[in-house]
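Here is the structure we will look at, set down as structure tokens.
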Ligand SMILES: [Zn+2]
């Protein structure tokens, strides 16, 4: 019983990490941009917007790689609109 309780408390402190599609590093959500599948298609998720998602780091290098190789297409197994990739590039343009 003691073991069950201690593992539960560890779980509470655990920060959920999400994997970037480009560099495959696991990071906290706040360091990532989330793309979600919506009923209408795909969009860049607003903060705390729920849904099946894929993530990329908020930096121009990872975004450039994800856009060039269309890594979100692979992640969702669907073709994402070009406009969405363009939106990602716009978002990270000023980071350099
Ligand atoms: Zn990354």
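Bear in mind that the values in this text are calculations on the coordinates, not laboratory data. The structure displayed is predicted, hence computed values, not measured ones. Ideal geometry is used to build each Cβ from the backbone, glycine not excepted, and the neighbour counts take in all protein chains shown.
Angle, helix 2-13 long axis vs. longest principal axis of the chain, Cα atoms, 0 to 90°, nearest 10? Around 30 degrees separate the two axes.
Taking the stretch 34-55 and a reference point 7 angstrom along Cα→Cβ of residue 77, the backbone N atoms nearer than 16 Å belong to 37, 52-54. Compared with the dominant principal axis of the Cα atoms in the chain, helix 82-92 is inclined by about 70°. Rounded, prolate or oblate, given the Cα gyration tensor of the stretch 16-95, with a/c below 1.5 counting as rounded? Cα axes put the stretch 16-95 in the rounded bin.
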